[in-house]
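Enquirer: One structure, pasted below without further comment.
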Amino acid sequence: IREDGIDCDLVLTQGIEAYYDQKDFEKAVAGLDDMRTHAPHLAEKHTVYSDQSYLQDILKLSSRAVGAIAIPAASMWPYKWIMGVLGPLIDQDKINVQTHTPVTCIIDRTEDAYATVKTTRGDIRASRVVHATNAWLGRLLPELRPFISPVRGNVLSYAPIANGKSPLGLGSDYSLWLRYGVKDYDYLIQRKDGRAIVGRANTGRKAVGDDSETDLSPMSHLRGFAHEALATPDADVATKVSHAWAGILAFSQDGIPFAGRLPFPGRSHQWVCGGYHATGMIKAFLTSQMVAGLILGETPDKEFPRSFFATDDRIRQLRISLETGEPAEIKARL
């Protein structure tokens, strides 16, 4: 981002994972101890806090918090970053971006040199077609449809109060993951201008692909969490909400993205890169880089998880998982 001079509100900060359940906190600390054995260079970047005075007075967490783990983190405005990447490429005629152009189907014959991508504005012929639609992969790939669920996530923006202060009573030198229980957490990004972005809210969210609406229970939670989870929010913080919106997450059957060449008949010119399973940005960067390298004939880095590949064996395990109700066998080998 800095090398390309992209203005996307990038802030290098500290990420605080705040725990409100003692067992979850102890499990996280045990995991960190295990990391010290196998990846000490990563473990040394983490700091554990359990002192109540530090949690409440410095991190501004409520008395419900039982501990926290700090790691280096960053925040940015994804849309600004994407536009900063694509804009110069479009200006230099290096890429052709067609917005509002739905693909209706793909005709792909092994004996042909190209696949034909049919859209509402005409046909495109390409020797390689990459499905990078994340939660919507199943629309054009019915073979993957049973294994990927679009889920609507909900987000609020809290406007700053007087003097640019946060209505949540937080400083801007850290962001928060508020972990209430297993797979139950919110994220909170405190911007330097006093505005706060809060999202996720597991309870009551829906497995739908329509982001034109928000959900009642998650929005109610996001408006009311502050007085339970934080130490010093503004008394009428719920009235400071300035914007509310939704976005679609991609959840996969085994919790792993899909990457690489598709193994299905009639897909000989097609590749996949998506299904990032919730916190996808941390997976998307290197996954897309790996897929691009494969298309160019490069060998994937030995450290890239082979479990990400869309192989016949993985698809078979996913089908078994759906039929039996048992978790898919994940071969997370490198």
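Enquirer: Considering each residue of region 116-151, count those that are surrounded by fewer than 11 Cβ atoms within 10 Å (Cβ to Cβ) and either free of Cβ contacts under 8 Å to residues at least 24 places away in the same chain or in a strand (DSSP E or B) (or both), and give that number.
Expert: Number satisfying all stated conditions: 5.
Enquirer: Can you find even one residue in region 57-75 that is surrounded by fewer than 18 Cβ atoms within 10 Å (Cβ to Cβ) and over 23 Å from I189 (Cα atoms)?
Expert: no
Enquirer: How about region 2-115: which strands (runs of 3 or more DSSP E) wholly inside it have at least 1 residues that are modelled with pLDDT under 95 and of a type in the set (A, V, I, L, M)?
Expert: Passing ranges, in order: 11-19, 67-75.
Enquirer: Within region 200-218, take every residue that is crowded, with 19+ Cβ neighbours inside 10 Å and not in a loop (DSSP other than H, G, I, E, B) and give me the one that is nearest to the chain's Cα centre (by Cα).
Expert: Among residues in region 200-218 that are crowded, with 19+ Cβ neighbours inside 10 Å and not in a loop (DSSP other than H, G, I, E, B), the one nearest to the chain's Cα centre (by Cα) is R200.
Enquirer: Any residue in region 296-325 that is assigned by the TED database to the domain that holds S268 sitting within a Cβ distance under 6 Å of a residue that is among the aliphatic types (A, V, I, L, M) and in a helix (DSSP H, G or I)? List the pairs, counting only those 6 or more apart or interchain.
Expert: Going by the 6 Å Cβ cut-off, the qualifying pairs are P300/M290; F304/M290.
Enquirer: I need a count of the residues in region 152-162 that are touching a residue at least 24 places away in the same chain (Cβ under 8 Å) and surrounded by fewer than 19 Cβ atoms within 10 Å (Cβ to Cβ).
Expert: The number of residues fulfilling the criteria is 4.
Enquirer: Moving on. Considering (1) surrounded by fewer than 15 Cβ atoms within 10 Å (Cβ to Cβ); (2) of a type in the set (D, E, K, R); (3) more than 30 Å from A328 (Cα to Cα), say which one K240 fails and leave the rest.
Expert: It fails just one condition, (1).
Enquirer: Also, I was wondering about something else. Only one residue in S175, S157 is among the small types (G, A, S), in a strand (DSSP E or B) and closer than 20 Å to I248 by Cα, so which one is that?
Expert: Result of the check over S175, S157: S157.
Enquirer: I need a count of the residues in region 216-260 that are β-branched (V, I, T) and in contact with a Cys (Cβ under 6 Å, 6 or more places away or on another chain).
Expert: Total satisfying the criteria: 0.
Enquirer: So L10 fits all but one of (1) of a type in the set (A, V, I, L, M); (2) within 28 Å of M76 (Cα to Cα); (3) free of Cβ contacts under 8 Å to residues at least 60 places away in the same chain; what number is the exception?
Expert: Unmet condition: (3).
The values are calculated or read from the model by the stated rules, or taken from the named source; none is laboratory data. Everything quoted here is computed from the prediction, not taken from an experiment. Ideal geometry is used to build each Cβ from the backbone, glycine not excepted, and the neighbour counts take in all protein chains shown.
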